[in-house]
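Working notes for the structure below.
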Amino acid sequence: MIEPFSESLVSTGISFGTTSYGYDMRISNEFRVLRPDACGRLDPKRFDDELFEKITADVLELQPHSVAIARSIEYFRIPRNILTLCVGKSTYARCGLLVNITPFEPEWEGFVTLSLLNPTPLPMRVYANEGIAQVIFLQASAECDVSYRDRKGKYQSQGGIVYSKVQDKP
């Protein structure tokens, strides 16, 4: 269900691995950071990836009032009877970092795309290859009627950082 998988909590640095009722996932070293000189607007229906700079780094210096998009190191395969909720780790929350992630629906799979927001007036460090968010697993008493895979969800099997996708009306 999770690759690579850590059976125990690794507590060096910002922790990752198996927790009491979930899994602390790590962030990769691939980032897309909103350019400080970006002009235009962010539009989920017409996403302009030119507004973002591609950065590969072990430590991301996320500037004040800035946004970055990243991905998990772990690849997830969610079973048909499981829904997950994913929340930012308190270590980063105590510094002010906001991590916004949607739930992983039954039978969704892929690397997780994360949105990171630094709302503070100070630069903030984000450490690649260390914990970034906790995934909490909720088991249903029955399998869902229609899974993410059944619906052919647009973010199924994403292999890296994936920007917004919105289908126009037919």
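Observations on the model:
- Tally of Lys pairs whose C-alpha atoms are under 20 Å apart, taken over the chain, 8 or more apart or cross-chain: 9
- The GluC sites (Glu not before Pro) of the stretch 103-170 meeting both criteria, a DSSP state outside H, G, I, E and B (loop) and at most 12 other C-beta atoms within 10 angstrom of the site's C-beta, are 143.
- Stokes-Einstein D for the stretch 7-54, Kirkwood Rh over Cα pairs, 10 °C, 1.306 mPa s (µm²/s): 115
- Considering all C-alpha pairs of the stretch 2-139, those separated by over 20 Å amount to 46%.
- Long-range amide H partners of residue 6 with built H, under 5 Å: 18
Where a number appears in this text, it was derived from the coordinates with a stated rule and is not lab data. In this text the structure is predicted, and so the values were computed from the model without any measurement. As a convention, Cβ positions derive from the backbone with ideal geometry for all residues, glycine included, and neighbour counts pool all protein chains shown.
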